[in-house]
């Protein structure tokens, strides 16, 4: 990781300077949530909290960074004290958040930060990109895993991710969302995720004879080898495997008509005593292609999903926002004219009701309200220190699978899902009304 | 930067082990190219080469990483010598590439690596993600800048990027593609890119009185302040600016109907002597929205483009591939049955012809062929060392603007562009035919 306090938008720093030089730095609360779901998505699976906590724990500006900022013309009228303040700044706030791997729905805070206004403001950009990116990918993975209906899904998309580091984070999030592993070695190393890998066309085309490449590769990996079939001709490649007396644990199809090829390859393998050899498919897959292949009876055992997963290609961004809801103990909200961009004031909690093991409905309410339902935001940092234990990703993944199973089927559906019922408490609605009225009165006074 | 040699797919390492243990490590050449363009794109603008070169220069496995790999069950039959070899491995190859900021088209190599097969293979994943991501973003930026028709475009998308590091790289690529700057402070610091920032709704809603927030903010940034108008009511916000006697250099619209609001705001500013105050707009913009706003006469001076730009939202991945074209001095190719996945063998060069300052056509040919046209692949590394000077990004950006202007207008068009004429040399076609025939003969022999 190379967290830097400069990984932020400039306006966070100009606002910080303006808060400071106006002597305005009371406790403030911000909430991070997603306004609406992308097409065909009925739920999100949260991920990225661990990176958010690590960032907050290590948040600081080093002297060279401070000097860089001080040099910028835009800060020329800002007091020297502000930069001294930045130099000693550490994140000392309290953070509540939804556990990684949990289903969440629009308008529900995934994370809530309460800290001196400047601290809470400065961390906005990083928190949004850390949480919403991994949440996109965990969600996409969950969808692919659902489509695969019990077969393994592997994350193979590093080469198409938004830079090498995005590939590592995508692998992490995909594992939380239910993938069995990743091809990304750094992700495996850093996060203890199972890794998988076979071979590419290049190895095979390096050889003058395809069958020799198979034999030579299998000699180095005798226990567990997956052979790639489609460098030249997929079905003759199976003949060559048989002729060479190889017994690969798997074969991989990476181009062509996966439905007919998988059936022909399966038949050829079976008729040559290779019933135990699994078929891995990996050509431009996503949840919809997987669903369609399986509905037509494609005998594919393992799906390697690349681009569509590592970039969440059909929905590469979530409309994540980080909104001020309380300032100096008073509720605050942005009261935009366009309703879709308005947000509710006050510190919130999400209360989730279940029945017979299935999730039934959520209420977004003030933290102080009392509902006979599970509050899903938990305290994760206090006084700037982590108060939750680090959990192995394997546990996070296992818990998440259980959580996804509790979402109503109509909401889990991969196409045109129903909306999950999320209501806003009447106290919240009342509070929004009050903030609106207060503003209307002030506005009248000024404009009159 | 935190490059790690483990930022790769596992299969690069299994192939490396198989090459090594089969004593097969002659010079190999790989080429990186994009097979086809996303919808509505007629050209790509390359970016990311600098990161690719830095990675190759610093490529090495440290002892802890080697130990991690050795522990993996998949490597249990791999020789100890392989891991010793990895431990001392440095990239010693030769790299040819297209300069950053250059227009490229499908099938044209952006980068060509010649090195011992293992080295050239191991770097595949990183090179693909480094180059294709930034190329996506530089291309998207170029499109937004074209749409803005001389007005400034700023990159504001860090919060929606694929993690914090992707945000920094997106800012870099967007600048190459023609943006005037970014909101990302780390990108400004690391790459010397102009940065821009105003303030968010949170600062304004922190105050009981909107006008007080304007006054307090402007006091800290007296020379150059941009005031955000849409926290409550956009037009009354202008009244408050006038009433407070402020003379902001800009005002920002971030929600609502940007066309009608920008016209009303412009009229109100002008009638109050604020003709010099610029209008910045920043609400879910992309090249098509910008085109439409300007065609309707929206008086917007600066466009802040966020999500659509930092994620290249309509085309979040390019089908970039890295193909073996020569191995031990002999031409190689993947001869997939599906034509779209086949590729040409041999070391290539792209020859670009111009007429009256406009680009006319490209020929992809063997490096050894002779054309009376500009070869666009240049040597950038030799013996693993950089042989090109580092250029300031401002220069790269200025050169790129000139390059884009040389693309035929029909190809630059933002919707349904024409394809740029790229032909494959007859020598290349001949060579592909020979490789196919050679394979067909061998295949016959074996299957017979």
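Readers should treat all values here as calculations from the given coordinates under stated rules, not as data from a laboratory. Predicted, not measured: the structure shown is a model, and the values here were computed from it. Note that each Cβ is placed from the backbone with ideal geometry, even for glycine, and that neighbours are counted across all protein chains shown.
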Practice prompt. Quote to one decimal, in nm, the extra length available between residue B:84 and residue B:395 on full extension: 0.36 nm per residue of separation minus the C-alpha distance between them.
Written response: 107.7 nm
Worksheet item: Normalized C-alpha radius of gyration of the range B:377-448, against 2.2 N^0.38 Å?
Response: 1.91
Fill in: Kirkwood-based Rg to Rh ratio, the range B:140-310, C-alpha trace
0.97
Discussion item. Residue by residue through A:181-192, how many Cβ atoms from other chains fall within 10 Å of the Cβ on average?
Written reply: 5
Discussion item. Taking beta carbons within 10 Å but only from partner chains, what does the mean come to for residues A:129-136?
Written reply: 4
Item to complete: Using the 7 Å Cα-to-Cβ label point, sort the distances from residue A:372 to its equivalents in the other copies shortest first and give them in nm to one decimal.
Response: 9.0
Practice prompt. For an R0 of 30 angstrom, estimate the FRET efficiency from the Cβ-Cβ distance between residue A:438 and residue A:385 and round to the nearest 0.05.
Written response: 0.25
Worksheet item: For the modelled label position 7 Å from the Cα of residue A:427 along Cα-to-Cβ, which residues of the range A:347-384 have backbone nitrogen atoms closer than 19 Å?
Response: A:347-353, A:362-379
Worksheet item: Put a point 7 Å out from Cα along the line to Cβ at residue A:224; what are the distances to that point in the other copies, in nm, shortest first?
Response: 5.7
Practice prompt. Per residue of B:324-332, count partner chain C-beta atoms within 10 Å of its C-beta, then hand back the mean as an integer.
Written response: 3
Worksheet, complete the sentence: Taking the convex hull of the alpha-carbon atoms of the protein assembly as shown and averaging its shadow over every direction gives an area in square nanometres of 36.4
Practice prompt. Take each of the peptides B:279-292, A:355-368, average the number of other beta-carbon atoms within 10 Å over its residues, and list them starting from the highest.
Written response: B:279-292, A:355-368
Discussion item. Using a Förster radius of 22 Å, what is the FRET efficiency between residue B:413 and residue B:36 based on their Cβ-Cβ separation? Nearest 0.05, please.
Written reply: 0.80
Discussion item. Can you compute the helix-only [θ] at 222 nm over chain B? Use -39500 (n - 2.57) per DSSP H run of at least 4 residues, normalise by all residues, nearest 500 deg cm²/dmol.
Written reply: -12500 deg cm²/dmol
Discussion item. For a quick size check, give me the Cα extents of the range B:1-145 along its three principal axes, largest first, whole Å.
Written reply: 53, 29, 25
Worksheet item: Going by a ≥ b ≥ c, the root eigenvalues of the Cα gyration tensor, does the range A:22-76 fall in the rounded group (a/c under 1.5), the prolate group (a/b larger than b/c) or the oblate group?
Response: prolate
Item to complete: Just report the Cα centroid separation between the range B:141-160 and the range A:170-198, whole Å.
Response: 34
Worksheet entry | Centre separation in Å (Cα based) which lies between the range B:385-403 and the range B:291-337 | 20
Practice prompt. Compute the label-point distances linking residue A:398 to its equivalents in the other copies; points lie 7 Å from Cα along Cα→Cβ; give nm, one decimal, shortest first.
Written response: 6.1
Worksheet item: For the Cα atoms of chain A, what angle does the longest principal axis make with the long axis of helix A:124-148, in degrees from 0 to 90, nearest 10?
Response: 30
Item to complete: Enter the angle in degrees (range 0 to 90, nearest 10) between the Cα long axis of helix B:164-176 and the first principal axis of the Cα atoms of chain B, meaning the one along which they spread out most.
Response: 80
Worksheet item: Based on the Kirkwood radius over alpha-carbon pairs, what value in µm²/s does the Stokes-Einstein equation return for the translational diffusion coefficient of chain A at 4 °C and 1.567 mPa s?
Response: 53
Fill in: Principal-axis tilt of helix B:210-220 within chain B, Cα atoms, nearest 10 degrees
70
Worksheet item: How large are Rg and Dmax for the range A:95-228 when only the alpha carbon atoms are used, in Å?
Response: 19.6, 68
Worksheet item: Using alpha-carbon pairs under 8 Å, 6+ residues apart, how would you state the relative contact order of chain A in percent?
Response: 22
